[in-house]
Amino acid sequence: MKHSAKATLAALALLIAAPVISNAGEVNSRYDVTIGGFIKYDLGYSTQDSHSDPAVALRDSSSVRKNLYDEYGNTFMSSGETRLNFLIKGPDVWGAKTSGFVEGDFRGTTTGNAYGGFQLRHAWMKLNWPAAELTIGQTWQQFGMIYDRGALGDSDFYMDMKGVRSPQVALRYNFTKNLNMMLGIYSPTEWSGSTRQYNDDYARNGLPFGEYELEYKNENCGRIGPQMLRFAVGGIVGREKKTVANTTTKRYNDDTIPVWQTVFRYYVPFIPEKQGNKKGALALNGNAFIGQNFGGIKWLGDGSVGSYWRPGNTEAASPTSFGGFAQLTYYFANNVWANLMYGYLQYNTSDWARTTSTALGVDGFNKQNTYAVSVLYDASPNLRFGAQWLRNATRWNDAGAGSSSTTVGTTGSKLEATGTMDQYRVAAWYFF
């Protein structure tokens with residue numbers, strides 16, 4: 001009986017392995033697949049009712065109207081940021097090394113799943129030549145993001161340009177060891193929304209966005225881990241075909257609005273590591289940006305402001321926006337470091353758009369300040385712990401009544417036009 005069971009298992013193993021062995025033979029066994037990722041646990045407390053990834057602070061209670069979400073705080077626990085990825089290294093082609101990367105997490109939020117549902121983060125292929133890299137697939141935009149991130153939560157800062165990952169094709173070419181340039185095409189719409197890249201004003205414009213960046217880097221000033229002195233200027237250019245139904249003419253009105261953004265990012269190792277030890281190292285990194293009508297892509301959170309129709313629905317407008325992010329990092333030891341972080345965002349919307357327009361109205365936000373302090377400790381190569389305090393200070397377009405189901409007060413009274421929330425978080429990662 002035991003021999004029979006062993007024979008059955010051996011036969012089953014051969015059946016499963018046969019396609020793999022056959023495929024490997026076709027490519028001369030040059031595939032190299034690595035499974036990686038991390039398990040993450042978050043525990044925290046928010047002074048306003050909030051989940052673990054608050055984009056903004058909700059309205060504060062006023063003296064005559066109380067907001068349930070502001071009157072009470074809440075604890076939260078989550079492991080949704082846990083990630084799983086596959087890195088594949090394939091055979092060379094056209095003189096380039098090839099690779100692919102697929103990653104997902106369990107936040108679920110960008111693909112309409114419940115929190116805990118698996119969602120796609122990255123799915124790209126790369127061709128690497130000695131002087132160039134071609135990226136095809138879904139990943140971060142190839143410009144603007146800060147070089148080293150010290151925040152604990154997935155969405156703690158939107159000003160660091162870490163929003164959603166989008167489909168794109170980008171070529172980065174190294175003119176010299178220190179100077180490179182990137183050009184690419186970028187998805188004109190937030191791909192993971194319910195529209196799925198159709199019936200969307202950004203996609204309706206008929207052309208993809210263009211992305212670009214010029215970067216300078218120099219390791220002669222020293223390193224801190226993989227980072228060195230870096231400066232880069234980049235951004236996007238595109239357009240939106242905004243549409244609205246005209247009930248008088250029984251047709252659709254449309255207007256084409258430019259989309260653009262310019263971002264400067266930097267990393268400065270003021271005190272580099274010494275002989276591979278980071279103790280005493282000090283660095284400043286961040287970005288500064290200005291642009292128009294890129295809020296709909298959700299780089300800056302779900303509350304981002306896009307375009308809107310002026311009175312009469314014959315002409316569309318979009319506010320310019322500007323802001324930035326800065327992070328100062330100091331290493332107390334090679335495996336213990338702290339980060340001071342600040343982010344700022346403002347939309348230049350008109351008084352009419354903030355207080356009268358039904359497209360934006362009083363319930364949109366026009367200014368955000370975010371502050372945070374984090375401390376991180378690598379207990380081993382695969383185990384990390386962190387603690388963080390974060391404050392969101394949000395300016396809403398105007399005072400508002402809020403939802404009748406979550407507010408109480410004098411009839412006709414309003415909540416404040418500002419909101420402030422503090423969040424305290426500890427986290428643990430197990431890398432594999």
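The values are calculated or read from the model by the stated rules, or taken from the named source; none is laboratory data. Just so it is clear, the model here is predicted, and its values are computed rather than measured. So basically every Cβ, Gly included, is an ideal-geometry build from the backbone, and we count neighbours across all protein chains shown. All accessible areas refer to the heavy atoms of the entire protein, side chains included, with ligands and DNA or RNA removed. Shrake-Rupley method; radii C 1.70, N 1.55, O 1.52, S 1.80 Å.
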(message) without any contact (Cβ under 8 Å) to a residue 12 or more places away in the chain and of a type in the set (S, T, N, Q): which single residue out of S99, S63 fits that description?
(response) S63
(request) Restricting attention to region 261-287, report how many residues are within 18 Å of the chain's Cα centre (by Cα) and under 15 Å from L340 (Cβ atoms). (result) 2
(request) Report, by residue number, each residue of region 254-292 that is touching a Cys at 6+ places or on another chain (Cβ under 9 Å) and buried (at least 22 other Cβ atoms within 10 Å of the Cβ). (result) P269
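So is V373 in contact (Cβ under 8 Å) with a residue 24 or more places away in the chain, among the aliphatic types (A, V, I, L, M), within 24 Å of L68 (Cβ to Cβ) and surrounded by fewer than 16 Cβ atoms within 10 Å (Cβ to Cβ) or not? Don't jump to the end; show me each part of the working.
Working: in contact (Cβ under 8 Å) with a residue 24 or more places away in the chain: yes; among the aliphatic types (A, V, I, L, M): yes; within 24 Å of L68 (Cβ to Cβ): no; surrounded by fewer than 16 Cβ atoms within 10 Å (Cβ to Cβ): yes.
Considered against the rule, which asks whether it is in contact (Cβ under 8 Å) with a residue 24 or more places away in the chain, among the aliphatic types (A, V, I, L, M), within 24 Å of L68 (Cβ to Cβ) and surrounded by fewer than 16 Cβ atoms within 10 Å (Cβ to Cβ), V373 comes out as no.
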(request) Among residues belonging to region 35-91 that are of a type in the set (A, V, I, L, M, F, W, C) and more than 29 Å from E103 (Cα to Cα), point out the one that is surrounded by the most Cβ atoms within 10 Å (Cβ to Cβ). (result) A57
(message) Please go through region 97-155 and give me each residue that is surrounded by fewer than 17 Cβ atoms within 10 Å (Cβ to Cβ), part of a loop (DSSP other than H, G, I, E, B) and among the aromatic types (F, W, Y), ordered by number.
(response) Y115, F118
(request) Go through R384, R425, R354 for me and flag whichever is open to solvent by 50 Å² or more (accessible area, probe 1.4 Å) and within 23 Å of the chain's Cα centre (by Cα). (result) R384
(message) Looking for something part of a loop (DSSP other than H, G, I, E, B) and modelled with pLDDT of 80 or more - is there at least one such residue anywhere in region 365-376?
(response) no
(request) Please indicate, with yes or no, whether at least one residue in region 204-223 is open to solvent by less than 30 Å² (accessible area, probe 1.4 Å) and farther than 28 Å from M181 by Cα. (result) no
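Please determine, by comparing only the residues of region 174-199 that are open to solvent by 30 Å² or more (accessible area, probe 1.4 Å) and within 20 Å of V237 (Cβ to Cβ), which one is modelled with the lowest pLDDT.
The first filter runs over region 174-199 and keeps only residues open to solvent by 30 Å² or more (accessible area, probe 1.4 Å), leaving 174-179, 181, 183, 185, 191, 194-199.
Narrowing the set further to residues that are within 20 Å of V237 (Cβ to Cβ) leaves 181, 183, 185, 191, 197.
Working: M181: 98, L183: 98, I185: 96, W191: 71, Q197: 65.
Residue satisfying both the conditions and the ranking: Q197.
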